[in-house]
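The values are calculated or read from the model by the stated rules, or taken from the named source; none is laboratory data. All figures in this text were calculated on a predicted structure; none of them were measured in a lab. Virtual Cβ from ideal backbone geometry, glycine too; neighbours counted across all protein chains shown. In case anyone asks, the SASA skips ligands and DNA or RNA and just uses the protein heavy atoms, side chains included. Shrake-Rupley method; radii C 1.70, N 1.55, O 1.52, S 1.80 Å.
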Amino acid sequence: SYSSNINIDYDNRTSVLTRISEKQYALVRDLTGYDVHGNLGQEPLNAVLYKNIGDEYRPHCDGPCNGGLYPHGSRLATSIVYCRTADGGSGQTSFTRSGMMVSPKQYDFLLFAYRYENFTMDNGYTEHSGCPISGGKKWIGTQWYREGVEDDISWNIIDDIHDM
């Protein structure tokens, strides 16, 4: 798979991407209760293309998935918009440790959170992968959400602090 970041210009109120992103963040706030806002130090939208037969994304966790306490400013949820789906129902999203398989249709929106109300993190059940495609192309837009980031304390600064 191939990926590229898209930085949303939240000052451009007429941009379709800005309006969609703001609605995504509002939906995530409503569904999870997380205090997340797109214009405040969040990661860019990540566009991922699966273009060759066999392209896949290996199993991984998007945030800490060790059952520990939430590290302030870390990722706590992920959304995926399936802009284009692969041929033949291939390219599903597999939650490898929980045994769940998502077979999306074009324009589906998938949200999964990995910080619980008691501020502990998921214990691996949100580990997921993008299964290999068997034909066509698959385009997804992935957005990661964080609490505790601001314009002057953005996601990359938080990641540097956690890596120390």
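Estimate the FRET efficiency between Asn156 and Met100 by the formula 1/(1 + (r/R0)^6), using the beta-carbon distance for r and 25 Å for R0, to the nearest 0.05. Present the calculation step by step, with values, prior to reporting the outcome.
Details: r = 31 Å, r/R0 = 1.24.
My answer for the efficiency is 0.20.
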Apply the Karplus curve 6.51 cos²θ - 1.76 cosθ + 1.60, θ = phi - 60°, to the phi angles in region 80-94 and return the couplings in whole Hz, x for Gly and Pro. 10, 9, 8, 6, 8, 9, 6, 6, x, x, 7, x, 4, 9, 10
List the aspartates and glutamates whose Cα lies under 16 Å from the Cα of Lys138, skipping any in the same chain that are fewer than 8 positions away. Asp55, Glu56, Asp87, Asp108
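What does the accessible area per residue of the chain come to in Å², with a 1.4 Å probe and no ligands, DNA or RNA counted?
I get 54 Å² per residue for the chain.
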If amide H atoms are modeled at 1.01 Å from N in the peptide plane, then the residues at a separation of 5 or more from Leu45, or on another chain, having amide H under 5 Å from its own are Ile6, Ile8
HN-Hα couplings for region 26-37 via Karplus (6.51, -1.76, 1.60; θ = phi - 60°), in whole Hz with x for Gly/Pro, come out as 5, 4, 5, 4, 5, 7, 10, x, 5, 8, 10, 9
Put a dot 7 Å past each Cα toward the Cβ at Arg29 and Glu56; how far apart are the dots in nm? 3.9
Simple SL model, points at 7 angstrom along Cα→Cβ for Tyr10 and Phe109; separation in nm is 1.8
GNM of the chain, Cα pairs under 10 angstrom: of Ser74, Ser134, Ser15, the biggest fluctuation goes to Ser15
Honestly the chain on the Cα gyration tensor test (a ≥ b ≥ c root eigenvalues; a/c under 1.5 rounded, otherwise a/b vs b/c for prolate or oblate) is just oblate
When the solvent-accessible surface of protein heavy atoms is calculated with a 1.4 angstrom probe, in what order do Ile153, Ile140 fall, highest first? Ile153, Ile140
In a Gaussian network model of the chain with springs linking alpha carbons closer than 10 Å, the residue among Arg146, Arg97, Arg75 that fluctuates most is Arg97
When the chain is treated as a GNM, springs tying every alpha-carbon pair under 10 Å, which of Gln24, Gln92, Gln106 comes out with the largest mean-square fluctuation? Gln106
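Please report, as a whole percent, how much of the solvent-accessible surface of the chain comes from carbon and sulfur atoms (probe radius 1.4 Å). Could the numbers behind the result be given before it?
Numbers: 4540 of 8940 Å².
The C+S portion of the solvent-accessible surface of the chain is 51 percent.
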